[in-house]
1. Roughly to the nearest percent, how much of the accessible area of the chain is carbon and sulfur, given a 1.4 Å probe?
2. Amide H of LEU193 versus every other amide H placed in the peptide plane: which residues, excluding those fewer than 5 positions away on the same chain, fall under 5 Å?
3. Projected onto the charge dipole of region 16-57 (+1 at Lys/Arg Cβ, -1 at Asp/Glu Cβ, origin at the Cα centre), which of ASN52, VAL20, ALA32 gives the Cα projection farthest towards the positive end?
4. Considering amide H positions built from the backbone, and no H for Pro or chain starts, which residues 5 or more places from ILE262, or on another chain, come under 5 Å of its amide H?
5. For helix 264-279, what angle does its Cα long axis make with the longest principal axis of the chain, in degrees from 0 to 90 and rounded to 10?
6. Can you give the local net charge around CYS232? Use residues other than it whose beta-carbon is closer than 14 angstrom to its beta-carbon, Lys and Arg +1, Asp and Glu -1.
7. Whose amide H sits under 5 Å from the amide H of ARG314, counting only residues 5 or more places off or on another chain, with H placed in the peptide plane?
8. What is the sum of charges, Lys and Arg at +1 and Asp and Glu at -1, for the other residues whose Cβ falls under 10 Å from the Cβ of PHE307?
Amino acid sequence: MPYTVPKLTDFSAAALDSAVCELLSALDQESAAVDSENDWKFFRDRWIARKNGVLTQVNDLWLKAAPGPSKRDVGQRVNELKAKIEPAVDATYARVLSGALFKKGRHVGRAKVRDSAFQYRGESEHLDITLPGIHRPIGVEHPVIKTMNEIIGVFRNLGYSVEEGPEIETDFYNFEALNFPPNHPARDTQDTLFIAGQESKPLRDRLLLRTHTSPVQIRTMQKTKPPVRVVCPGKVHRNDEPDATHSPIFHQIEGLAVDTNITFCDLKGTLDHAMKTLFGSSVKTRFYPSFFPFTEPSADVQISCIFCDGKGTRDGAPCRNCKASGWIELLGCGMVDPNVYGFVDYDATKVSGFAFGMGVERIAILKYGVDDIQVFFQGDVRFLEQFG
């Protein structure tokens with residue numbers, strides 16, 4: 001029976017040594033049976049063909065299948081086998097060639113036979129580097145990632161750093177430390193996805209998929225004393241039914257600035273500058289009262305409609321994008337509630353700050369004129385090629 005590379009279940013040193021010995025024994029036997037050049041070609045392909053040769057199978061069935069702690073030992077033996085199999089194939093060809101020449105009554109020096117074997121193998125694997133290479137189209141940033149990087153760039157230029165955090169969060173970071181006490185009605189608006197099997201844990205330790213990137217702000221303040229200026233980009237999760245404007249997975253960028261004597265005027269100036277940078281210098285912003293548990297006062301931010309220049313009409317008809325109002329709601333913001341500082345050991349009598357948050361897909365929809373958020377996640381190349 002021809003040798004077949006076995007699947008290993010035992011990766012101990014003794015088992016590996018036994019498998020190696022069995023393989024090398026089969027190599028010697030098959031090499032000895034090679035009598036002609038055609039036999040050698042079959043022998044060569046069987047042992048070192050890149051697609052399904054024995055050496056390739058050893059790599060797939062032994063090294064790739066090995067558990068982490070055993071990979072080093074298996075890798076060493078695979079390298080040793082490669083160092084023995086390839087010379088054995090060359091030596092077999094040299095023997096066959098030498099025998100054929102001997103039968104014709106010609107004497108060929110050992111070195112010449114060896115060189116002929118290497119030349120044969122080199123010609124079969126020859127690579128002409130003067131030929132044009134294979135053209136592979138260069139990829140581009142996904143429109144959501146591109147938009148996220150543009151937003152981050154705006155705040156980097158204002159001196160903000162970038163912080164990231166885990167997508168699986170505890171109730172403490174996602175809610176409690178952000179001034180959402182247990183049973184607070186504002187928790188219901190988050191449509192949270194909880195990890196199963198957490199009932200035995202205290203509420204603050206239960207795991208969930210974060211509903212916003214605000215927990216990164218808490219983690220940042222815990223490890224950094226004021227002044228703090230950060231933006232926190234990332235993926236968030238909510239139990240939303242997918243439709244043209246909602247997705248259970250989307251991206252947010254939230255920002256935080258804490259220092260002495262920060263006021264609402266600083267917040268308005270910062271966001272007005274950011275919106276003008278993203279949408280053009282003619283864009284206007286307006287703030288109107290809202291509610292978020294972690295900011296007080298809180299506000300929603302609108303920008304003048306970029307499709308109708310804030311007029312409410314376009315081409316003689318009501319503007320659909322702003323519903324004829326001339327304004328588009330874009331993000332939320334506010335001054336950090338003093339209660340939040342108590343969770344991060346900041347002195348609310350000495351520092352103040354503001355926070356804001358925006359959906360990246362929301363901004364991308366406006367920038368690129370997309371009318372359905374789902375196309376960002378469907379991977380349709382026809383859609384993505386437009387951004388190349």
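The values are calculated or read from the model by the stated rules, or taken from the named source; none is laboratory data. What you see is a predicted model; the values in this text were computed from it and never measured. Here the Cβ is made from the backbone with ideal geometry for all residues, glycine too, and neighbour counts use every protein chain on show. The protein model used for the area step is the full one, side chains on, heavy atoms only, and it has no ligands, DNA or RNA in it. Shrake-Rupley method; radii C 1.70, N 1.55, O 1.52, S 1.80 Å.
1. Here carbon and sulfur together make up 52 percent of the probe-accessible area.
2. Amide H to amide H, under 5 Å and 5 or more residues apart or across chains, LEU193 pairs with LEU209, ASN239.
3. The Cα lying farthest towards the positive end belongs to ASN52.
4. When sequence neighbours closer than 5 places are left aside, the close amide H contacts are SER352.
5. Helix 264-279 sits roughly 50 degrees off the main axis of the chain.
6. After counting each charged neighbour, the total is +1.
7. Under 5 Å from the amide H of ARG314 lie the amide H atoms of CYS319, each far enough along the sequence or on another chain.
8. Around PHE307, the charge tally is +2.
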